[in-house]
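Notes to accompany the following structure.
The values are calculated or read from the model by the stated rules, or taken from the named source; none is laboratory data. None of the values given here were measured: they were computed from a predicted structure. Every residue, glycine as well, gets a Cβ built from its backbone with ideal geometry; the counts of neighbours run over all protein chains shown.
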Amino acid sequence: MPSFDIISEVNTQEVDNAVNQAIKEIEQRYDFRGSKCEIKWDKKEIIILGDDEYKMGAMKDILQTKMHRRSVDIKSLDFGPVEPAGGNIQRQLVKIKQGLEKEVAKDIVKAIKDSKLKVQPQIMDDKVRVTSKSIDELQSTMAFVKGQGFSVPLQFENMRS
């Protein structure tokens, strides 16, 4: 029976490249000279440290721009609140969303079922598998899901006929 999977994954190598480019730009910019601004990346989350709100905002913009240029969807970044880190320094955690959360997967399944397409969606761990007797129905489902604008970037993989 034809099927495909709906997933939400981020290429961590591209995130690594984007963070390194952002770090280089911050080191070279004149308005960051003499400040304690930095970006740290530990393969799970990004930590932004800055002196004041202006520099925090500028570093966030630089990071988002570099991510976008490296084809990393901005929706996969979860920016936490800016909090004091001691010594007049502010900290912001940025989590990288990997895999579909249960709530998002349920929303996807509900939207597909409400669309009246002749497909069967089911949640499998951190992905949604969609099966149907018709490949055309599966392609219609892909187009439908792309147009819904969910809160995470979605990819389609394992198209089997």
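Which is at pLDDT below 90 and either under 30 Å from residue 127 (Cα atoms) or not assigned by TED's automatic domain parsing to the domain that holds residue 29 (or both), of 99, 87?
It is 99.
Do we have residue 150 as closer than 21 Å to residue 72 by Cα and assigned to a strand (DSSP E or B) here?
In short, no.
Taking segment 102-134 on its own, how many of its residues are closer than 14 Å to residue 152 by Cα, in contact with a helix residue (DSSP H, G or I) (Cβ under 9 Å, 6 or more places away or on another chain) and in contact (Cβ under 8 Å) with a residue 60 or more places away in the chain?
Count: 4.
Regarding segment 106-125, can at least one residue be identified that is in contact with a strand residue (DSSP E or B) (Cβ under 6 Å, 6 or more places away or on another chain), outside the structural domain of residue 21 (by TED's automatic domain parsing), loosely packed, with under 13 Cβ neighbours inside 10 Å and not in a helix (DSSP H, G or I)?
The answer is yes, given that some residue of segment 106-125 is in contact with a strand residue (DSSP E or B) (Cβ under 6 Å, 6 or more places away or on another chain), outside the structural domain of residue 21 (by TED's automatic domain parsing), loosely packed, with under 13 Cβ neighbours inside 10 Å and not in a helix (DSSP H, G or I).
I'd like to check something: does segment 130-145 contain any residue that is closer than 28 Å to residue 16 by Cβ and either touching a His at 6+ places or on another chain (Cβ under 8 Å) or surrounded by 15 or more Cβ atoms within 10 Å (Cβ to Cβ) (or both)? Let's see the steps before the verdict.
Initial filter on segment 130-145 (closer than 28 Å to residue 16 by Cβ): none.
No, there is no match, as no residue in segment 130-145 is closer than 28 Å to residue 16 by Cβ and either touching a His at 6+ places or on another chain (Cβ under 8 Å) or surrounded by 15 or more Cβ atoms within 10 Å (Cβ to Cβ) (or both).
Filter the strands (runs of 3 or more DSSP E) completely within segment 22-93 down to those with at least 1 residues that are surrounded by 16 or more Cβ atoms within 10 Å (Cβ to Cβ) and of a type outside the set (Lys, Arg).
38-41, 45-50, 77-79
Just to check your reading of the model, which residue among 43, 36 is over 30 Å from residue 130 (Cβ atoms), touching a helix residue (DSSP H, G or I) at 6+ places or on another chain (Cβ under 7 Å) and modelled with pLDDT under 90?
From the options 43, 36, the qualifying one is 43.
Only one of (1) in contact with an Asp or Glu (Cβ under 8 Å, 6 or more places away or on another chain); (2) farther than 30 Å from residue 36 by Cα is not met by residue 95, so which one is it?
Result: residue 95 fails condition (2) only.
Can you go through 81, 121 and tell me which one is more than 27 Å from residue 21 (Cβ to Cβ) and not β-branched (Val, Ile, Thr)?
Going through 81, 121 in turn, just one is more than 27 Å from residue 21 (Cβ to Cβ) and not β-branched (Val, Ile, Thr): 121.
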